[in-house]
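A.B. asks: Sharing a structure here in structure tokens format.
Values in this text are rule-based calculations from the coordinates and carry no lab data. Only a predicted model underlies this, so the values are computations on that prediction, with no experimental measurement involved. Glycine also receives a Cβ, built like all others from the backbone with ideal geometry; neighbour counts cover every protein chain displayed.
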Amino acid sequence: MNDSAPRPSRWRVHARRHPSAFLLAAQLLSLLLYPLLDGTGGRVVFAGFSALVVVLAVWVVNRSPAIGWIAWAMAVPAFVLSLLSVATGINGLLVWSSLLEALLYFYAAGSLIAYMLSDHRVTSDELFAAGATFTLLAWGFAYLYLVCQFWYPGSFTGAVEPGRPRSWLELLFFSVTNLSAAGLGDILPLGAPARVLTILEQFCGVGYVAVVVSRLIGLWLLRAGRH
């Protein structure tokens with residue numbers, strides 16, 4: 001008997017096996033395209049990329065043991081508020097959108113960490129998940145810094161034009177250098193809320209490397225030794 005059922009495409013097979021890779025690629029692609037975007041049109045395009053990253057984050061959460069509806073409850077309002085903030089130019093909407101996106105990214109990061117710690121095998125998707133978790137944590141704290149700067153003006157200063165508020169890219173740069181312990185020092189937290197957030201991110205960065213990354217490396221070396 002001939003089986004005429006269509007076979008899934010290669011992209012769908014890879015998407016099923018490596019959902020974390022698509023999330024990581026979307027994060028990095030939006031980062032690479034950001035310097036090319038300027039003005040209102042650029043903000044709209046970047047909002048679209050951010051929405052894609054949010055949807056992929058929800059997708060990764062749905063494929064992990066976490067409850068998907070919680071992620072959607074944060075993703076949909078964040079997406080709507082992001083579009084309204086671009087259309088109306090109201091900063092208050094952007095702040096609440098940023099807060100929801102931060103919560104969503106932390107939720108997705110926690111779900112990926114639970115996924116990586118759920119067994120004693122190391123798969124290629126778990127290696128992609130390690131990179132995706134780092135980007136989710138960095139993006140999440142960057143959105144929190146944006147909210148902190150809006151609620152507490154003067155929370156951050158920089159080597160260039162120290163008196164003005166820091167841009168989104170500057171806060172993301174600060175978040176990545178802080179999470180990775182690079183600490184370049186050209187952007188500094190001034191107020192108590194900003195410094196508390198910075199301390200929490202440093203703690204998360206050290207804990208992530210000590211617990212999750214070191215465990216994956218150890219299991220990978222153990223697997224390589226057996227082979």
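A.B. asks: For THR157, which sequence-distant residues (separation of 5 or more, or a different chain) have an amide H within less than 5 Å of its own amide H, given hydrogens modelled in the peptide plane?
C.D. replies: Amide H neighbours of THR157, under 5 Å, 5+ apart: LEU188, LEU190.
A.B. asks: Which ³J(HN,Hα) values in Hz, rounded to whole numbers, follow from the phi angles of segment 102-115 under the Karplus curve 6.51 cos²θ - 1.76 cosθ + 1.60, where θ = phi - 60° and Gly and Pro get x?
C.D. replies: My calculation for segment 102-115 gives 4, 4, 5, 5, 5, 5, 5, 5, x, 5, 5, 4, 4, 5 Hz in order.
A.B. asks: What's the Cα-based Rg to Rh of segment 112-227, Rh via Kirkwood? Please list the in-between numbers first.
C.D. replies: Numbers: Rg = 17.0 Å, Rh = 15.5 Å.
With Rg and the Kirkwood Rh in hand, the quotient comes to 1.10.
A.B. asks: Take THR123, THR198 and order them by how many other Cβ atoms sit within 10 Å, fewest up front. Could the numbers behind the result be given before it?
C.D. replies: Working: THR123 13, THR198 20.
With the sparsest Cβ surroundings first, the list reads THR123, THR198.
A.B. asks: Report the paramagnetic label zone for VAL211: residues of segment 125-139 whose backbone N is under 20 Å from a point 7 Å from Cα along the Cα-to-Cβ axis.
C.D. replies: Residues 126-139 qualify, since their backbone N sits under 20 Å from the label point.
A.B. asks: Next question, about the same structure. Suppose every Lys and Arg Cβ carries +1 and every Asp and Glu Cβ carries -1, with no other charges. What dipole size does segment 10-226 come out with about its Cα centre, to the nearest 20 debye? Mind dumping the intermediate values first?
C.D. replies: Numbers: 13 positive and 9 negative charges, 150 e Å.
Charge dipole of segment 10-226: 720 debye, to the nearest 20.
A.B. asks: Note down the Stokes-Einstein diffusion coefficient of segment 148-194 in µm²/s, whole number, using a Kirkwood radius over alpha carbon pairs, 4 °C, and 1.567 mPa s.
C.D. replies: Numbers: Rh = 10.7 Å.
Result for D is 121 µm²/s.
A.B. asks: Looking at segment 73-173, what % of the alpha carbon pairs are farther apart than 19 Å? All intermediate terms of the calculation are to be shown ahead of the outcome.
C.D. replies: Working: 2611 of 5050 pairs.
Everything past 19 Å amounts to 52 percent.
A.B. asks: Which value, in Å to one decimal place, does the Kirkwood hydrodynamic radius take for segment 10-226 when every pair of different Cα atoms is included? Can you show the working numbers first?
C.D. replies: Numbers: mean 1/r = 0.0554 Å⁻¹.
Evaluated over segment 10-226, this radius sits at 18.0 Å.
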